[in-house]
Structure formats: structure tokens, C-alpha cells
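Worksheet: the structure to be examined is printed underneath.
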Amino acid sequence: MTIRHHPSDTTLLAYAAGGLGEGLSMIVASHLAMCPRCRRQAEVGEKIGGELVDTAAPMALSDRLLDSVLARIGDAAPEPEAPPAQGRHGVAAPLGAMLPADLSEIRWRTVGPGIRQAKLPGEDGADLGVKLLRIAPGRAVPQHSHNGHEMTLIVSGSYLDEIGRFKAGDIADLDPDVTHQPVADTGEDCICIIATDAPLAFTGLVPRLMQPFVRI
Ligand SMILES: [Zn+2]
């Protein structure tokens with residue numbers, strides 16, 4: 001598995017500090033299970049966070065401190081390639097645990113031409129803001145940007161957008177000002193898992209009108 005797209009350093013640091021919501025954390029944890037590079041960075045982030053707490057010195061969390069923390073994470077030595085930790089259905093453990101044992105139990109709902117989605121509740125049925133998106137080969141998701149923090153982890157298949165090609169294991173961790181239109185590659189459905197702490201913002205007029213109904 002060649003992973004090309006990773007969570008941002010800021011996201012990894014927030015994850016290590018326990019500052020991400022449950023859905024976003026699950027996406028990052030699933031990526032970490034497949035990505036030694038990010039796993040190493042998150043470990044260093046946790047150590048640095050622990051040291052900051054241990055010293056208990058009064059310290060303002062300035063941009064400079066964040067920069068120095070990020071620089072230290074950047075210095076982390078790479079870990080030798082480890083085989084991906086696989087859970088149910090051959091996908092990373094935290095994600096596999098969220099999927100029903102029988103994948104045919106997933107209740108797909110058509111939300112646009114060639115696009116289906118399914119909510120993915122937490123273990124106790126809680127809504128964590130996590131959903132699966134299934135794009136038929138060659139189909140496009142309407143152009144949109146994002147309100148707040150949203151991350152997409154590609155489970156299977158692949159898509160191409162303005163940023164590049166995203167394949168299984170890759171994470172799209174986009175800034176809110178990025179507008180993009182993912183188009184699934186041909187050959188197989190592209191299945192992604194998306195966690196968000198705010199609804200998407202569609203930019204086209206028709207998708208915007210449809211948004212209350214499709215709720216992509
Ligand atoms: Zn990574």
C-alpha cells in the first residue's frame with residue numbers, strides 16, 4: 001500500500017493531544033494503523049504533549065511553541081515499514097470495528113446520480129458525524145467546500161480531484177477554503193469514510209438547493 005496523502009501536522013498534533021472529536025479521531029486512528037510515518041509523528045506528539053504537562057511550567061501556547069513542537073515532530077526518525085494492522089473486512093482496525101460484520105447490512109441511500117451514502121453510527125448507535133460514501137466508477141461528487149474540519153479516508157477504489165489522486169489508506173484533510181470535485185476512477189466503486197464536525201458547503205446553485213434533501 002502506497003500512501004501519498006496524510007493528515008496535516010496540525011491535525012496529527014491535535015489527535016495526539018486528544019483534541020479531535022470521536023469521528024475525526026477514528027479516521028486518523030484508521031490511517032495511523034496503515035501509515036508508519038504518521039504513527040511515528042503522532043507518538044512524538046504524544047511524548048511532547050506529556051512533557052509539557054509534566055513540567056507544569058506556566059507557558060503560553062504561542063504560535064512559536066506550536067512551530068517548535070511541529071519542528072520536533074518533523075525531526076522524528078522514520079520507523080521501518082510495518083505491515084498494516086488489519087481488522088475486520090481487511091481494513092484498518094478502528095474502521096473495521098465500525099463496519100457491520102455483514103457488509104450487506106449497510107443501508108445505502110442514493111443521494112445523487114451514482115452516489116450513495118450510509119450513516120455509520122458508533123458502537124452504542126450514537127451519531128458521530130461519520131458516514132460512508134460510495135461513488136460509482138466515473139461519477140463525480142458535486143463541487144463543494146467544507147465548513148469546519150472534515151476528513152475523508154479512502155477505503156477502496158480511488159478518485160481524482162484538484163489536489164490529486166486518492167487511493168485506499170489516503171486521507172484528504174482539506175482546509176475549509178479548498179473547493180474540490182472528486183471524480184471516482186473507472187473500474188470499481190470508490191468507497192470513502194467521512195468524518196465531519198460541520199456540514200459541507202456546496203458551491204453550485206443546484207447542489208446548494210439540493211443540499212437540504214441530499215445531505216451529502
Ligand atoms: Zn500518514
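Annotation: lysines with alpha-carbon distance below 26 angstrom to residue 167 (same-chain offsets under eight excluded): 119, 131. If you bin all the Cα-Cα distances of region 101-214 at 10 Å, starting from zero, the percentages per bin are 14, 47, 34, 4. Scanning residues 5 or more positions from residue 156 or on other chains, those with amide H under 5 Å from its amide H are 191, with H placed 1.01 Å from N in the peptide plane. When all alpha carbon pairs of region 1-52 are counted in 10 Å bins from zero, the resulting P(r) reads 27, 57, 15, 1 %. Counting every other Cβ atom within 10 Å of each residue's Cβ, 158, 30, 104, 8 order from fewest to most as 104, 8, 158, 30. Close amide H partners of residue 128, meaning residues 5 or more places away or on another chain with modelled amide H under 5 Å apart, are 122. Centre-to-centre, using Cα atoms only, region 130-164 and region 1-43 are separated by 18 Å.
Readers should treat all values here as calculations from the given coordinates under stated rules, not as data from a laboratory. Model, not experiment: these values are computed from the prediction. Please note: Cβ atoms are built from the backbone with ideal geometry, for glycine as well, and neighbour counts cover all protein chains shown.
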